[in-house]
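Below you'll find the structure, written out as structure tokens, and then a few comments.
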Amino acid sequence: MDSVKTNTAGAPDGIGEASVNVNGVVTSGDQAVVSVFDHGFLYGDGVYETLRTYNRRPFLTDRHLARLRASAARLSLEVPPTDGELESRLRDTMRGVHPHGEVVLRILVTRGVGDLGYDPAVCRTPTVVIIARPHRASPEWVDRDGVRLVVASVLRNHPRSVDPVIKSNNLLNNVLAMQEAVRDGAYEALLLNHRGELAECSQSNVFVVRDGVVLTPPLDAGLLEGVTRNLLFEVGADIGVPVRDAVLRQSDLPAVDEMFITSTTREVVPVVLVGGQVIGSGGPGRVTARLLARLRERAHALTCGAD
Ligand code: PMP
């Protein structure tokens, strides 16, 4: 048994700070194990969600759970726990994380343990894992100076391949793109679709601001329907800034005033360079900053009430 229990010994920092729930049982991150016969491990056959807390409360849980179920349905994968059960597992798992500061929560649902082979019938029960770990805020320079993206040479999956709308554990497309960014010292990788249009980044959605209007690639460009992307349409309406979807190309970038990326954990991050292309004035934009401020106001307002 020891060999099972210690198989993350010597693992990188951070894992011990995590609290993990495997099928309802909570342990510390360095104790949590899943079978090597789990089809999530063998084939990436599963789906996931990443949430974060504000005021130590999970934010927009209903939207994340709805997307989890929609992703699972695309794989004909069951998510046996009810939303109420998943919410209570999120709370149980979070309790094991350092009591101060915000928490990142990842829910994974895989096909479960089964013999080798792609037939889903060999797996009896899905595996449901929740990983909770401290949220690490971005370094201060990210908001202050903005970040650089690279345009990845790898294309975003064609929607008739593994459709990017599915938030699946099969993440090699994203991993390969991000490796290009890392090699180039960039913050994120921007992926084009099979038509050469901007799709999204490896772990975030992309927006530009042109003449006071905020534009983001449409869903049929082949991208994940980000919870933060959707929230941005509402946040824009709050502050009187129009947010719309529009087909965007790399050739549009010289004419945009601002650019930013969004995700649950990173919120809104200003982009000032794409490869060698300077965006707008070369510094974080004013509309970007207003959207970020309003998003945070909304997040705090929605999470600060009494239990
Ligand atoms: N696109 C991809 C490929 C992602 O992995 C993420 C992060 N989950 C996003 C977009 C942003 O989605 P969200 O705002 O829901 O975190």
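For Asp62, indicate whether it is in a loop (DSSP other than H, G, I, E, B) and either of a type in the set (D, E, K, R) or under 24 Å from Ser138 (Cα atoms) (or both). Considered against the rule, which asks whether it is in a loop (DSSP other than H, G, I, E, B) and either of a type in the set (D, E, K, R) or under 24 Å from Ser138 (Cα atoms) (or both), Asp62 comes out as no. Listed by position, the strands (runs of 3 or more DSSP E) contained in the range 183-224 that have at least 1 residues being at pLDDT below 95 form an empty set. Scanning the range 216-237 turns up no residue that is β-branched (Val, Ile, Thr), more than 13 Å from the ligand (Cβ to nearest atom) and over 21 Å from Ala186 (Cβ atoms). Which one is nearest to Gly280 (Cα to Cα) among residues in the range 190-210 that are more than 10 Å from the ligand (Cβ to nearest atom) and buried (at least 24 other Cβ atoms within 10 Å of the Cβ)? That would be Val208.
Could you tell me whether the range 60-68 includes any residue that is within 14 Å of the ligand (Cβ to nearest atom), open to solvent by 70 Å² or more (accessible area, probe 1.4 Å) and of a type outside the set (A, V, I, L, M)? Yes, some residue in the range 60-68 is within 14 Å of the ligand (Cβ to nearest atom), open to solvent by 70 Å² or more (accessible area, probe 1.4 Å) and of a type outside the set (A, V, I, L, M). Which residues, counting only those in the range 41-55, are under 28 Å from His98 (Cα atoms) and within 16 Å of the ligand (Cβ to nearest atom)? Val47, Tyr48, Glu49, Thr50, Leu51, Arg52, Thr53, Tyr54, listed by residue number.
Please enumerate the residues belonging to the range 265-286 that are within 30 Å of Arg56 (Cα to Cα) and either crowded, with 21+ Cβ neighbours inside 10 Å or of a type in the set (Asp, Glu) (or both). Glu267, Val268, Val269, Pro270, Val271, Pro284, Gly285, listed by residue number. In this structure, is Val241 away from the ligand (no atom under 12 Å from the Cβ) and either at pLDDT below 95 or surrounded by 21 or more Cβ atoms within 10 Å (Cβ to Cβ) (or both)? No. Assuming Asp252 fulfils every condition listed in (1) of a type outside the set (Ser, Thr, Tyr); (2) free of Cβ contacts under 8 Å to residues at least 60 places away in the same chain; (3) part of a helix (DSSP H, G or I); (4) closer than 27 Å to Thr50 by Cα apart from one, which condition is it? The failed condition is (4). Of note, Thr93 satisfies the criterion of being open to solvent by less than 50 Å² (accessible area, probe 1.4 Å), more than 16 Å from the ligand (Cβ to nearest atom) and not in a loop (DSSP other than H, G, I, E, B).
For every residue, the table says whether it meets (1) free of Cβ contacts under 8 Å to residues at least 24 places away in the same chain; (2) farther than 26 Å from Lys167 by Cα.
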| position | (1), (2) |
| --- | --- |
| Val274 | no, no |
| Ile279 | no, yes |
| Gly282 | yes, yes |
| Arg286 | no, yes |
| Leu292 | no, no |
| Arg296 | no, no |
| Ala299 | no, no |
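The number of residues in the range 126-169 being over 23 Å from Asp30 (Cα atoms) and either touching a residue at least 40 places away in the same chain (Cβ under 8 Å) or assigned to a loop (DSSP other than H, G, I, E, B) (or both) comes to 29.
Residues that are open to solvent by 30 Å² or more (accessible area, probe 1.4 Å) and part of a strand (DSSP E or B) within the range 96-112 comprise Arg106, Leu108, listed in sequence order.
Residues in the range 137-148 include at least one that is open to solvent by 30 Å² or more (accessible area, probe 1.4 Å), within 19 Å of Gln203 (Cβ to Cβ) and within 17 Å of the chain's Cα centre (by Cα). Do the conditions hold for Pro126, that is, is it in contact with a Gly (Cβ under 6 Å, 6 or more places away or on another chain), buried (at least 21 other Cβ atoms within 10 Å of the Cβ) and not assigned by TED's automatic domain parsing to the domain that holds Thr27? It is false that Pro126 is in contact with a Gly (Cβ under 6 Å, 6 or more places away or on another chain), buried (at least 21 other Cβ atoms within 10 Å of the Cβ) and not assigned by TED's automatic domain parsing to the domain that holds Thr27. Quick check: anything in the range 166-189 more than 28 Å from Ala255 (Cα to Cα) and surrounded by fewer than 14 Cβ atoms within 10 Å (Cβ to Cβ)? Yes, that holds for at least one residue.
The values are calculated or read from the model by the stated rules, or taken from the named source; none is laboratory data. Model, not experiment: these values are computed from the prediction. Note that we place each Cβ from the backbone using ideal geometry, even for glycine, and neighbour counts take in every protein chain shown. We work out accessible area using only protein heavy atoms, side chains counted, and drop any ligands, DNA or RNA first. Shrake-Rupley method; radii C 1.70, N 1.55, O 1.52, S 1.80 Å.
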